[in-house]
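Here the structure comes first, spelled out in structure tokens, and everything after it is commentary.
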Amino acid sequence: METQLSLPSKKPQVFVDYREREIGELLEKLGAKVNFVNLPIGDFSTIKSGIERKSFRDFISSITDGRLFEQTKNLKESYENAVIIIEGEIDFWNINENSYYAAISYLINNKVNVIFSRSKVETSKIVYWIAKKEEENKNFSGFKIKKKKKDFREIQELIVSSFPGISTTLS
């Protein structure tokens with residue numbers, strides 16, 4: 001009788017913003033260890049990556065109101081890898097196509113990974129595999145400290161507000 005040896009596999013760990021519960025539950029079904037928290041930046045956090053999930057319409061809205069550029073700046077300052085997942089069908093409902101392509105080019109030129117997803121299920125698989133591959137290749141654990149200086153009070157607030165059930169107002 002033949003026996004197969006396998007290396008112990010560790011579940012990839014993902015911090016999921018509490019507002020992304022559905023994706024978090026899908027990640028758990030895929031085998032990830034999920035921690036629901038109040039993430040101050042992004043929707044998902046892995047060992048190295050900060051991941052922002054946007055529906056296509058939200059992506060368009062964030063281009064037109066300027067939110068996208070502030071969010072990606074914060075992701076890049078806070079994580080080694082910044083990732084934007086754009087979910088859903090392409091629909092140029094409220095934007096000129098050139099503005100859309102210019103925004104995508106801006107992100108790529110600023111070293112932000114842009115990934116397209118058709119559904120929440122596909123998004124959960126993308127996040128799972130990012131976390132799994134980082135776990136397999138991890139050189140460190142924890143979050144990257146932001147480049148810009150924050151005062152001690154801001155750092156305390158970010159740490160306390162990351163606990164479940166504690167908002168930035170309460171912290």
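The values are calculated or read from the model by the stated rules, or taken from the named source; none is laboratory data. These numbers come from a predicted model, not from an experiment. We place every Cβ from the backbone using ideal geometry, glycine too, and count neighbours over all the protein chains shown. To get the accessible areas, we keep the full protein, side chains included, count just its heavy atoms, and leave off ligands, DNA and RNA. Shrake-Rupley method; radii C 1.70, N 1.55, O 1.52, S 1.80 Å.
Below, the figures for the structure above:
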| quantity | calculated |
| --- | --- |
| Solvent-accessible area per residue for region 51-132 (1.4 angstrom probe, square angstrom) | 50 Å² |
| HN-Hα J in Hz across region 127-137 - Karplus 6.51, -1.76, 1.60, θ = phi - 60°, x for Gly and Pro | 4, 4, 6, 4, 5, 5, 5, 5, 5, 5, 10 |
| Members of LYS10/LYS120; LYS29/LYS73; LYS33/LYS76 lying beyond 29 Å, as alpha-carbon distances in this model show | LYS29/LYS73 |
| Global geometry of region 84-123, whether rounded, prolate or oblate, following the gyration tensor of its Cα atoms and the 1.5 cut on a/c | oblate |
| Pair PHE116, THR64: separation of 7 Å Cα→Cβ label points (nm) | 2.1 nm |
| Neighbour-limited loop hits for trypsin sites (Lys or Arg not before Pro), region 44-135 (at most 12 other Cβ within 10 Å; DSSP other than H, G, I, E, B) | LYS111, ARG118 |
| Note, ³J(HN,Hα) from phi for region 12-28, Karplus 6.51, -1.76, 1.60, rounded to Hz, x at Gly and Pro | x, 9, 10, 8, 10, 4, 4, 7, 9, 4, 4, 5, x, 5, 5, 4, 4 |
